[in-house]
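Here the structure comes first, spelled out in structure tokens, and everything after it is commentary.
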Amino acid sequence: MFKFLFNLFKTSKESIIIEEENAMKKFLIVGLGNIGDDYANTRHNIGFKILDFLTKQESLTFETQKLGDIATYKFKGRQFILLKPSTYMNLSGKAVTYWMTKENIPIENLLIITDDLNLPFGTIRLKTKGSDGGHNGLKDIQDKLQTTNYNRFRFGISDAFSKGRQIDYVLGEWMEEETQKLPERLEKSIELIKSFGTAGVNITMNTFNGA
């Protein structure tokens, strides 16, 4: 009887360890944006654009599921769950927390991709914490997670707009010169995502920040 209970406890413990190890190999990569054709090529939708670029590169397909479009990418023993929330930007946190819970993903394996007005066009910057910077998507995620300590990948869209035209600018489409440079920047963004899941956040920050 004692041996049976011991083996049962051992099996349960091993199952928990395996489950925890599997969770550490799973990552939720969230590209922020707004749904609909009207927003598809806007600066504010760079999160969607980066994930679309990755899925096209790897011949993956997004499927519409609860609160967003989902695709799964496997690379070097890691599983990347790619999420494009369908909640619109201002309610992004709802989709993020739902899929974190559903897939049992720890917050350190969460990566939010967002546009950033404070960075020059195409500049990429990975941070492990920080304020929302006035970004409504990040604001809602912060509110739902109840912390500012989560990884965010900021893609610079610059601040080349006149006073009072910020909304028009972020919801505007890329200029021709930017469009020509985007493919190389998207390639670099994909490299950052892969590095985040395989090399870890600190090495990735040292390698890619400012690149």
### Task
May I ask for the net charge around residue 172, where only other residues with Cβ less than 11 Å from the Cβ of residue 172 are counted and Lys, Arg are +1 while Asp, Glu are -1?
-1
### Task
Please report how far the C-alpha centroid of the range 51-74 lies from that of the range 124-188, rounded to the nearest whole angstrom.
21 Å
### Query
Pick from 167, 141, 70: which is most flexible by mean-square fluctuation in a GNM of the chain where alpha carbon atoms under 10 Å apart are linked?
167
### Query
Does the range 24-208 come out rounded, prolate or oblate, given a ≥ b ≥ c as the square roots of the eigenvalues of its C-alpha gyration tensor, rounded meaning a/c under 1.5 and, failing that, prolate meaning a/b above b/c?
rounded
### Query
Calculated FRET efficiency, residue 66 and residue 132, Cβ-Cβ r, R0 25 Å, to nearest 0.05?
0.50
### Query
Which FRET efficiency, nearest 0.05, do residue 143 and residue 165 yield, Cβ-Cβ r, R0 25 Å?
0.40
### Query
Modelled label-to-label distance, residue 102 and residue 207, 7 Å Cα→beta-carbon offset: nm?
3.0 nm
### Query
Taking the Cα centre of the chain as the origin, how large is its charge dipole in debye, to the nearest 20, when only Lys and Arg (+1) and Asp and Glu (-1) carry charge on their Cβ atoms?
820 debye
#### Entry: Rounded to 5, the percent of DSSP beta bridges in the chain classed as antiparallel
50 percent
### Prolate/oblate/rounded label for the range 145-211 (Cα gyration tensor, a/c 1.5)
oblate
## Note on the structure
Under the 7 Å Cα-to-Cβ spin-label approximation, residue 76 and residue 37 lie apart by a distance in nanometres of 4.0 nm
### Query
Summing +1 for each Lys or Arg and -1 for each Asp or Glu, what net charge is found among the other residues whose Cβ lies under 15 Å from the Cβ of residue 118?
+1
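No lab work stands behind these numbers, since they all come straight from the coordinates. Because the structure is a prediction, the values reported are computed rather than measured. Because the Cβ atoms are built from the backbone with ideal geometry, glycine has one as well, and the counts that use them run over all protein chains shown.
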